[in-house]
1. To the nearest 20 Debye, how big is the dipole of the range B:143-273 about its Cα centre, given +1 on the beta carbon of each Lys and Arg and -1 on that of each Asp and Glu?
2. With the cut-off at 23 Å, tell me which of the pairs B:Lys73/B:Lys356; B:Lys295/B:Lys320; A:Lys165/A:Lys229; B:Lys73/B:Lys320; B:Lys160/B:Lys217; B:Lys76/B:Lys215 have Cα atoms farther apart than that.
3. In nm, to one decimal, how far is the modelled label at A:Ile62 from the one at A:Arg137, with both set 7 Å along Cα→Cβ?
4. Per residue of the range B:153-165, what does 6.51 cos²θ - 1.76 cosθ + 1.60 with θ = phi - 60° give for ³J(HN,Hα)? Whole Hz please, x for Gly and Pro, Karplus curve as stated.
5. Cα to Cα, under 17 Å, and not fewer than 8 places away if on the same chain: which lysines meet these conditions relative to B:Lys113?
6. 7 Å from Cα along Cα→Cβ at both A:Arg36 and A:Val115: what's the point-to-point distance in nm?
7. Could you grab the relative contact order for chain A? Cα pairs under 8 Å, six or more apart, rounded to a whole percent.
8. Over all directions, average the projected area of the Cα convex hull of chain B and note it in nm².
Amino acid sequence: MGNLSLFLQHLTNGISLGSLYALIAIGYTMVYGILRLINFAHGDIFMLGVYLTYFGVLYTAIPWWLVFIIAPALTGLVGLLLERVAYKPLRDSPRITILISAIGASFLLQNLGIVLFGGRPRAFPVPRILNHVVKVRGVSINVITFIIPVVTILLLIGLTYFITKTKTGMAMRALSRDYETASLMGIDINRIISITFFMGSFLAAVGGIMWGARYPQLMPLMGVMPGLKSFIAAVVGGIGNIAGAVAGGFLLGLGEIMLVALLPRLTGYRDAFAFVVLIIILLFKPSGLMGTSQTEKV
Amino acid sequence: MKRIGLTLLVLVLACSSWMGLASAQTIKIGVFEPMTGPSAAGGEMTVEGIELANEVKPQVLGRDVEIIVVDNKSDKVEAANAVSRLIERDKVVAIIGSYGSSLSMAAGDIVNKAQIPAVGCSPTNPLVTLNNDYYFRVCFIDPFQGTVMANYAVNELGAKTAAVIQDVTQDYSVGLSKYFIDAFRRLTGDPNSIVEISAYNTGDQDFTAQLTNVKNKNPDVIFAPGNYGESALLIRQARDLGIDVPFLGGDTWEAPEFLSIGGEAVEGAVFSTHFTAEAPVTPESDRFLSLYREKFGKEANAFAALGYDAYMVILDVIEKVGSADPQAIRDGLAQVEGFVGATGIISLDENGDAVKSAVINRVEDGKFVYLTTVEPQ
């Protein structure tokens with residue numbers, strides 16, 4: 001293995017991991033951008049999405065590609081329900097109250113996962129078409145590592161279009177500025193918030209499926225680390241900014257891989273690296289790489 | 001009014017003395033094992049064996065034996081909490097556990113201070129029992145296991161170089177890697193025969209960076225002891241990266257999850273373990289295997305067998321010393337000699353460790369297949 005192909009292999013590994021973080025971060029940042037709510041249960045919704053897919057593929061006669069659409073939709077409904085139960089009654093409370101409710105929801109889902117699915121890991125059924133290796137000039141790539149960035153970019157484009165060009169998207173943006181004024185303009189706030197949560201959870205589940213296909217080990221607590229990492233990715237990119245979340249995800253994934261690859265002695269600090277990045281960003285550019293700082297109107 | 005009060009008092013006294021009698025009659029044995037988290041499969045398999053043993057032998061000295069299982073969540077802090085709870089709240093006279101050397105070591109100080117004897121089923125790091133008069137185990141230890149695998153790599157596979165990938169958060173993995181490295185260097189006579197030592201943490205899912213570095217060094221064989229889940233993902237990713245040399249590991253790989261998560265990638269993986277249903281070693285093995293088959297409808301694994309043995313050893317000691325006092329049990333455990341268990345003849349040495357043979361298994365067609373048995377020197 002030459003030095004160049006070694007570096008290219010590391011680069012591929014980094015992009016593959018980064019695109020996963022990016023994919024999960026999209027949903028995270030979208031919910032925040034519109035509702036100004038850090039949905040700490042996002043990682044656990046992600047976990048729920050993977051398990052739903054697992055059961056769908058193994059225990060129903062539905063073909064796997066259809067399950068890959070139905071399961072995220074079901075996860076979206078769970079997200080919608082979660083919003084109704086845990087967030088909606090607190091909509092007029094101080095923001096910190098909702099934040100604590102979100103943390104509670106996260107623990108609830110984790111422990112529900114342990115009760116329902118058991119503590120032992122399960123193997124994600126990866127369709128064969130997504131799981132074979134191709135070799136390009138000495139660099140080995142599993143097809144899935146190629147598919148994930150494509151899915152991420154497609155979702156990024158689709159979502160940007162949705163938010164900037166459609167009427168619902170416009171309503172979402174209006175809502176992100178001011179609930180009351182938006183409702184005075186005839187926007188059905190409850191409906192828009194429901195749609196936002198549905199989409200955010202749908203995206204989490206899509207991220208979960210891609211994660212499961214790459215790392216096919218399912219556990220009830222599997223959402224915790226990816227949830228935190230993608231949260232960091234979203235903050236690094238400028239929380240609320242979808243393109244920023246994608247950039248942050250890639251940056252984080254590449255950084256992690258390069259840290260382990262080039263400084264093997266620091267491998268144990270791999271997770272710490274993400275948090276150090278977060279702290280540095282918060283210290284020097286709190287609005288993130290692509291975020292615009294908003295001035296509060298009095 | 002007075003009379004009613006008196007009657008009540010007598011009733012309460014009668015009740016409490018009856019309850020006191022009842023609790024004096026049951027002997028409580030605590031079990032702390034990982035039932036959730038990255039080691040959940042290991043804990044569950046072990047507890048199956050312990051529960052089976054409890055059903056087979058539910059009484060000793062004419063008293064009922066109750067086992068109290070506490071989940072240590074594969075976490076060192078939780079392991080310490082679990083053991084404290086068993087000792088302080090449940091007043092157990094002896095403790096069984098835990099799968100995972102780090103988890104057992106987290107409990108070591110507590111059982112030592114409380115003077116409650118503990119018997120480990122499968123923690124193989126030497127430090128679990130070293131300098132701890134109250135910790136024993138029914139399995140072999142890693143200096144032996146590491147040597148067995150190094151021997152296999154050099155003599156059976158003809159390996160001249162090896163790479164080691166260890167989980168730095170697991171004492172088990174770090175310890176076993178160290179003994180493998182020492183033995184491999186000694187056997188090849190080449191201090192540079194270990195070409196790469198890589199590290200990862202429990203819970204990591206992505207190992208591509210480490211594996212790419214390992215691939216660049218072209219080892220003949222890779223030794224990667226660690227949790228079954230992480231190891232299965234690691235080997236999968238290695239095959240994706242085009243690494244096709246054999247993978248070797250330790251006893252933690254013996255879990256159905258290693259096969260289901262690893263899929264085709266783990267075919268040919270070789271590891272050492274404590275016991276296999278394919279090669280019963282004592283009459284007790286046969287008995288255990290048929291009992292297990294009856295209860296669970298499948299073949300037993302090494303961890304269930306070790307759980308079964310740990311329970312049986314404790315009950316045997318209680319019977320011999322004629323007392324369920326923790327100190328008496330400890331003194332009895334220190335004397336265990338030639339106990340016929342399902343996993344072999346158990347004699348505990350001065351550290352409280354069993355000296356037993358190791359079994360080598362290989363993954364073939366999605367199953368663990370018995371290769372050979374290695375006797376201790």
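Where a number appears in this text, it was derived from the coordinates with a stated rule and is not lab data. Computed from a predicted structure; not experimentally measured. Cβ sites come from the backbone with ideal geometry, for glycine too, and all protein chains shown count toward neighbours.
1. Here the range B:143-273 has a charge dipole of around 440 debye.
2. Beyond 23 Å between Cα atoms: B:Lys73/B:Lys356; B:Lys295/B:Lys320; A:Lys165/A:Lys229; B:Lys73/B:Lys320; B:Lys76/B:Lys215.
3. About 4.2 nm separates the two model spin labels.
4. Along the range B:153-165, the couplings run 4, 7, 7, 8, 9, x, 6, 10, 10, 9, 10, 10, 10 Hz.
5. B:Lys91
6. 3.5 nm
7. Details: 456 pairs, mean separation 107.8, N = 298.
It rounds to 36 percent for chain A.
8. Working: hull surface 82.5 nm².
Value for chain B: 20.6 nm².
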